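What follows is a single structure, written as structure tokens, with notes after it.
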Amino acid sequence: MPTETVQPRPDSVGAATATVEVAGVRKRFGKVEALRGVSLEVLPGQVYGLLGPNGAGKTTLLRILLGLVRPDDGTVRVLGRPPGTPEALRRVGALIETPAFVPHLSGRTNLQVLARAKGLPDTEVDRVLEVVELHQRGNDRFTGYSLGMGQRLGVAAALLGDPKLLILDEPTNGLDPEGVASMRALVRSLGAGGTTVLFSSHQLGEVQQICDRVVVIDRGLVLADDTVTAIRDRPGSVTLDVWATPADQAARVLAEYTGQTPVEDGDADDRHLHLASAPDDVPGLIRALVAAGIDIHEVRRERQTLEGVFFALTSHDDDPTEES
Ligand code: ATP
């Protein structure tokens, strides 16, 4: 059972208080500005995805939350406390790098060592092994574990003491599809059980499937911070393709109706017009085309995947190491 010390305390975290508060955080490593004024809030009970390409600053931000890296500027609060203080760390579980376990000891014994160091009873080891579904394999030596099992044992270690916040840095990195699915299900079930989870990922599909909220970060800047649905519904995330003849007249109606210049695409036999952002009233647009005597062959409204929005947000041609 969790000990008294891991329960939320009335003086620190209430229902309306953010579990993580980051405001205007900057961090420079030599010439590289890893974080350039990052602000975000993680509310209790949320599964929050930190999404970004290589070098975006995700790990730096997570390390700051754990007090492993000190920001140059800005303010950070974790469970209402400065990061890295014993009060904050006691209720935070983290998996930042590949966990180091003693290979010839069993998963259970490895966890017992960690649990005892934290003053936790062995029953807590059984609890976390069950949560990550390793209870059947708990007595096997760690050397016999697959990469995915090793990662799950790492999450189990992070869950010792029933933390209020779980921080996972790319927990599915390097896992096979089965390991990814299993880790995904684990994070989802932790979120459903009320644990606040902040995790970073390259896996856009997984963020889409398991997060309540996602922050897209690139080159040290937050580009989007919203629910998955809202990010997918941003202007420009739904496109419209229209096949109509005569195409030039159809283009004129589309431009008048939407204020956008449609892109003409396709060959002479299959010419179509593409709008980067579908209007809200597509039936109205169709009526306008018909009223202008235009023949409509096909109209297709496409919602971008989170992946599409993500790439649109993070694509840039310039040098990523260049400073602004
Ligand atoms: P990845 O997905 O590749 O792990 P990331 O989003 O986690 O990337 P960070 O590891 O936070 O990105 O790195 C952000 C930038 O800061 C990178 O340019 C990186 O090289 C640099 N950086 C991070 N830590 C250090 C350090 N200790 N010393 C020097 N530069 C660093």
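The values are calculated or read from the model by the stated rules, or taken from the named source; none is laboratory data. All of these numbers come straight from a predicted model, not from anything done at the bench. Backbone-built Cβ (ideal geometry, glycine too); neighbour counts: all protein chains shown. Just so you know, the surface numbers come from the protein's heavy atoms only, side chains and all, with ligands and any DNA or RNA stripped out. Shrake-Rupley method; radii C 1.70, N 1.55, O 1.52, S 1.80 Å.
Our summary gives the range 114-172 a relative contact order of 38 percent, counting only alpha carbon pairs under 8 angstrom and 6 or more residues apart. With R₀ set to 56 Å, the beta-carbon distance separating residue 116 from residue 39 gives a calculated FRET efficiency near 0.90.
The label point for residue 140 and the one for residue 305, both projected 7 Å from the Cα toward the Cβ, are 3.1 nm apart.
Using DSSP, restrict attention to beta bridges with both residues in the chain and report what percent are antiparallel, rounded to the nearest 5.
Percentage antiparallel, nearest 5: 65.
Cross-link pairs exceeding 29 Å in C-alpha to C-alpha distance, out of 31/58; 31/164; 27/164, comprise 31/164. Short-range pairs are left out: with C-alpha atoms under 8 Å and at least six residues apart, the relative contact order of the chain is 19 percent. Extension gain, residue 248 to residue 298: 0.36 nm times the residue separation minus the Cα-Cα distance gives 16.4 nm. Nearest 0.05, what FRET efficiency do residue 276 and residue 32 give at R0 = 22 Å with Cβ-Cβ as r? Computed FRET efficiency for residue 276 and residue 32 comes out at 0.10.
Computed from backbone phi with θ = phi - 60° and the Karplus coefficients 6.51, -1.76 and 1.60, the 3J(HN,Hα) list for the range 56-72 is 5, x, 4, 5, 4, 5, 5, 5, 5, 5, 9, x, 7, 10, 9, x, 6 Hz; x is used for glycine and proline.
The 3J(HN,Hα) values that the Karplus relation (6.51, -1.76, 1.60; θ = phi - 60°) gives for the range 195-211 are, in residue order, 6, 7, 10, 10, 9, 9, 7, 9, 7, 4, x, 6, 4, 4, 7, 10, 9 Hz. Gly and Pro appear as x. A straight chain from residue 54 to residue 189 at 0.36 nm per residue would run longer than the Cα-Cα distance by 45.8 nm. Taking the 1.4 Å solvent-accessible surface of the chain as the whole, the part contributed by carbon and sulfur is 50%.
Can you check what the net charge comes to around residue 226, using other residues whose Cβ is under 11 Å from the Cβ of residue 226 (Lys, Arg +1; Asp, Glu -1)?
Spelling it out: positives minus negatives among the neighbours equals 0.
Note on residue 212 and residue 23: with the Förster distance fixed at 22 Å, the Cβ-Cβ geometry gives a FRET efficiency of about 0.55. Annotation: peptides 135-142, 64-71, ranked by per-residue average of other Cβ atoms within 10 Å with the highest first, follow the order 64-71, 135-142.
Accessible surface calculations at 1.4 Å, restricted to protein heavy atoms, place the range 238-303 at 58 Å² per residue.
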